[in-house]
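The values are calculated or read from the model by the stated rules, or taken from the named source; none is laboratory data. Only a predicted model underlies this, so the values are computations on that prediction, with no experimental measurement involved. Positions of Cβ are backbone-derived with ideal geometry, glycine not excepted, and every protein chain shown enters the neighbour counts. Just the protein is used for accessible areas: all its heavy atoms, side chains included, with ligands, DNA and RNA removed. Shrake-Rupley method; radii C 1.70, N 1.55, O 1.52, S 1.80 Å.
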Amino acid sequence: MRYPNIYEAIFLRRPNRFIAQVLLNGREETVHVKNTGRCRELLVPGAQVYLVRSENLERKTAYDLVAARKGERLINMDSQSPNHILAEYLPHSGLFQDPIQVTPEFTHGDSRFDFLVEEGGRRHLIEVKGVTLEQDGLAKFPDAPTERGVKHIHGLIRAREEGFESWLIFVAQMEGIHTLTPNDETHPAFGAALQEAAQAGVHILALGCHVEPDGAEITYDIPVSL
């Protein structure tokens, strides 16, 4: 996954979850933040951030904030990128037998899942969760309570009972992660649902990315600790 027209800037402040003020080429600029999560450990005053210039000239903000440096680690924080990254990865992931047919945004029951993968007579429902929260090489999800995430897990369990193969795939949008774990301090119900899913046979997978300012790709597996 690659971005065109990448620009380096300095983060100043975040008035609300949708916009931020940055210093770009010596001038203060209001930009759109492509992640409505808290991201408090990333968006700190003085942090180096990366922007993509929009091609839509009618937008109120000319740039999207898509990545930030936390110390030496570069983290892609675009909430839309995990789906794009995984879509590129799935055909050569080795998770399925070739050939596969991939359908994005597939509705089953009362939930819409990120992908349906079909191989022969088998059907796989996949829900993707992007991860940006990191502490000493440990990735945690979520960084804020997510009732929608719990609903997705319960939907995957029901789909498994109905004959689908169900997958919850975490995409850590950074390098150097040794373990991924549910963030029970922030949302214990999500961790409990994850335990229930594992016991029900839902595949729980975590993948890490090589990240550059202008893009990211999946390059390694991450052990999951429940």
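Taking amide H positions as modeled 1.01 Å from N, with prolines and chain starts lacking one, the residues under 5 Å from residue 70 and 5 or more places away or on another chain are 75. With respect to the chain, whose longest principal axis is taken over its alpha-carbon atoms, helix 188-199 is tilted by about 40°.
Could you report the chain's accessible area per residue, 1.4 Å probe, as an integer in Å²? Intermediate results must be reported in sequence, preceding the final value.
Numbers: 10870 Å² over 226 residues.
I get 48 Å² per residue for the chain.
Average the reciprocal distances over every distinct pair of alpha-carbons in region 1-137, invert the result, and give the Kirkwood radius in Å.
Working: mean 1/r = 0.0592 Å⁻¹.
Evaluated on region 1-137, it is 16.9 Å.
May I ask for the distance between the Cα centers of region 38-68 and region 75-92, given as a whole number of Å? For region 38-68 versus region 75-92, the Cα centre distance is 18 Å. Restricting attention to the chain, lysine pairs at least eight places apart or on different chains and with alpha-carbon atoms under 22 angstrom apart total 9.
Each of residue 87 and residue 162 was given a label point 7 Å from its Cα along the Cα-to-Cβ line. The distance between the two points is 2.4 nm. The charge dipole of the chain, taken about its Cα centre with unit charges on the Cβ atoms of Lys, Arg (+1), Asp and Glu (-1) only, comes to about 720 debye.
Near the amide H of residue 217, within less than 5 Å, lie the amide hydrogens of 210, all on another chain or at least 5 residues away, with H placed in the peptide plane.
What does the charge dipole of region 105-226 about its Cα centre add up to, to the nearest 20 debye, if the Cβ of each Lys and Arg holds +1 and the Cβ of each Asp and Glu holds -1? Show your work: numbers first, answer last.
Details: 9 positive and 21 negative charges, 90 e Å.
So the dipole magnitude of region 105-226 works out to roughly 440 debye.
Using a 7 Å offset from Cα along Cα-Cβ at residue 69, what residues in region 190-226 end up with backbone N under 19 Å from the label point? Only 210-216 fall inside the zone, counting backbone N under 19 Å. With the chain treated as a Gaussian network of Cα nodes joined by springs under 10 Å, which of 46, 94, 149 yields the largest mean-square fluctuation? Maximum fluctuation in the GNM of the chain, among the listed residues, is at 94.
By how many nm would the segment from residue 196 to residue 101 grow when fully extended, if each residue of separation counts as 0.36 nm and the alpha-carbon distance is taken off? Please list the in-between numbers first.
Numbers: separation 95, 0.36 × 95 = 34.20 nm, distance 2.86 nm.
Stretched fully, the residue 196-residue 101 segment lengthens by 31.3 nm.
Determine the relative contact order of the chain: mean sequence separation of Cα pairs under 8 Å and six or more apart, normalised by residue count, in whole percent.
Details: 502 pairs, mean separation 37.8, N = 226.
About 17 percent, as a whole number.
Phi-derived couplings, Karplus 6.51 cos²θ - 1.76 cosθ + 1.60 at θ = phi - 60°, listed residue by residue for region 204-218: 10, 10, 10, 10, x, 10, 7, 10, 10, x, 9, x, 7, 8, 6 Hz, with x used for Gly and Pro. With only the Cα atoms considered, region 88-226 has a convex hull volume of 110 Å³ per residue.
Just to confirm the number: angle between the C-alpha axis of helix 147-161 and the first principal axis of the chain, 0 to 90 degrees, nearest 10? With rounding to tens, the tilt is 20 degrees.
Roughly speaking, to the nearest percent, how much of the chain's 1.4 Å accessible area is carbon and sulfur? Within the chain, the accessible surface is 47 percent carbon and sulfur. Converting phi to 3J(HN,Hα) with the Karplus coefficients 6.51, -1.76 and 1.60 and the offset θ = phi - 60°, region 33-44 yields 9, 7, 6, 8, x, 5, 6, 5, 7, 9, 8, 10 Hz in sequence order, with x at every glycine or proline.
Counting other Cβ atoms within 10 Å, keep those with at most 15, restrict to DSSP loop, and tell me which GluC sites (Glu not before Pro) in region 48-104 are left. Could the numbers behind the result be given before it?
Numbers: sites: 55, 58, 72, 88; in loops: 55, 58, 72.
Passing both the DSSP loop test and the Cβ count: 55, 58, 72.
With contacts defined as alpha carbon pairs under 8 Å and 6 or more residues apart, what's the relative contact order of region 100-226 in percent? Relative contact order here is 23 percent. 3J(HN,Hα) along region 168-176, derived from phi through the Karplus expression 6.51 cos²θ - 1.76 cosθ + 1.60 where θ = phi - 60°, amounts to 10, 10, 8, 10, 6, 8, 6, 9, x Hz, with x in place of Gly and Pro.
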